[in-house]
Amino acid sequence: MTEGPVIAVRGLTKRFGSRTVVDGVDLEVSRGQIHGFLGPNGSGKTTTIRMLCGLLVPDAGEGTCLGLDIRRDAWAIKQRVGYMTQRFSLYEDLTIRENLDFVARLYALKDRRAQVDAALKRLGLTDRAGQLAGTLSGGWKQRLALAACILHRPDLLLLDEPTAGVDPKARREFWDEIHALAADGMTVLVSTHYMDEAERCHRIAYIAYGKLLAKGTVEEVIAGSGLSSWHVAGPERRIAELARTLNGAKGVEMVAPFGATLHVSGQDSAALDAAVAPYREEPGLRWERAEATLEDAFIHLMTGAADNFAGGGAA
Ligand code: ADP
């Protein structure tokens, strides 16, 4: 295994026709890290992942994955990466064991039986080894897909929305496994829409309209948004009214209800305080100054990017 970052790319750019869907992305991921890749649909996450593992050639940019050049050494990179695509791509009419055996043959693994047994055990699939993949629930399918990805013992896992549509318990277990793999030295880049998953990453990167807008630890990304927030709780009706009143008020950039609590945020904390001041003493309302959440920070980044994009990118 090479020293230095597992992924180190600069200026990664991909165009489809006249559209630039990945625009100058710089990314660095260290060994053993779980790196989250966040951003709205269509923002360029899959395209970036495919460039990293040699499946797509960038139009501009350069760098290395596992110490190998992403342009020149695509074949060698593919051998050492486990890539889990968004869609379940194993055979539904084969059993779990048959699927894994098939993948083991593709990689021409030695000691196939032992390797398949080890993967079954690792992912808790041994008791179900004879079950047809097509009859598995979403969570078990994802486990099988993960088992198939790690069968050839890759150094890097690229997981593209691995838990989309999977129930919360299965998601949590899947993430426990990702952490266990990382603790064993595996590096993981994982795209997700779920905030709780983003919070389980060592580092995150946020992309919108093909541009990387923020990166760092969760705390750094929240701090970097520069947002101040208030949370206010009260009777549902009043909270709904207040949401309408505050939406668009000077100093208020975001108003988001969470059950009976409203999150109100903005970058200019003095203007934000002035906007909420008239309602601070209102009986029945409980105000609390709060830390901005990761979701607040992402909504803020996405709104700013959308404004920029609509404005022709003028910053
Ligand atoms: P994400 O993974 O963040 O949802 P993608 O990387 O899949 O985003 O897609 C980014 C944009 O590029 C989308 O608008 C998508 O429609 C477009 N796109 C992806 N692949 C192709 C392709 N092969 N040809 C043309 N457009 C594509």
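The values are calculated or read from the model by the stated rules, or taken from the named source; none is laboratory data. Remember, predicted model here, so these are calculated numbers, not experimental data. All Cβ positions, glycine included, derive from the backbone under ideal geometry; neighbour counts span all protein chains shown. Areas reflect the complete protein model, heavy atoms only, side chains present, ligands, DNA and RNA absent. Shrake-Rupley method; radii C 1.70, N 1.55, O 1.52, S 1.80 Å.
Quick rundown of the values:
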read-out	value
Residue within region 180-193 that is acidic (D, E), touching a helix residue (DSSP H, G or I) at 6+ places or on another chain (Cβ under 9 Å) and more than 16 Å from the ligand (Cβ to nearest atom) present	no
Hits in region 26-45 - residues which are touching a residue at least 24 places away in the same chain (Cβ under 8 Å) and away from the ligand (no atom under 11 Å from the Cβ)	D26, L27, V29, S30, R31, G32, Q33, I34, H35, G36
Looking only at region 157-170, and only at residues there that are out of contact with any helix residue (DSSP H, G or I) (no Cβ under 7 Å at 6 or more places or on another chain) and under 25 Å from S30 (Cβ atoms), the one that is most open to solvent (accessible area, probe 1.4 Å)	E161
From the options L94, L151, L132, residue that is touching a residue at least 24 places away in the same chain (Cβ under 8 Å), open to solvent by less than 40 Å² (accessible area, probe 1.4 Å) and not β-branched (V, I, T)	L151
Subset of region 46-73 (residues that are within 13 Å of the ligand (Cβ to nearest atom) and open to solvent by 10 Å² or more (accessible area, probe 1.4 Å))	T46, T47, R50, L55, L56, V57, D59
Pairs, first small (G, A, S) in region 272-289, second part of a helix (DSSP H, G or I) and surrounded by 10 or more Cβ atoms within 10 Å (Cβ to Cβ), C-beta under 8 Å, six or more apart	A275/L246; G284/R238
Among the residues listed as R87, R50, R153, the single one being in the same structural domain as R19 (by TED's automatic domain parsing) and at positive phi	R153
Top-ranked residue in region 258-272 [being within 11 Å of A292 (Cβ to Cβ) and part of a strand (DSSP E or B); ranked as most open to solvent (accessible area, probe 1.4 Å)]	H263
Test: T303 is open to solvent by 20 Å² or more (accessible area, probe 1.4 Å) and out of contact with any Ser or Thr (no Cβ under 8 Å at 6 or more places or on another chain)	yes
Of all residues making up region 74-91, the number that are open to solvent by 40 Å² or more (accessible area, probe 1.4 Å) and either within 13 Å of L156 (Cβ to Cβ) or in contact with a Pro (Cβ under 8 Å, 6 or more places away or on another chain) (or both)	4
Matching residues, region 1-25, being away from the ligand (no atom under 16 Å from the Cβ), modelled with pLDDT of 95 or more and on the phi > 0 side of the Ramachandran plot	G11
All positions within region 206-240 that are farther than 20 Å from E291 by Cα and open to solvent by less than 80 Å² (accessible area, probe 1.4 Å)	I207, A208, G210, L212, L213, P235, R238, A240
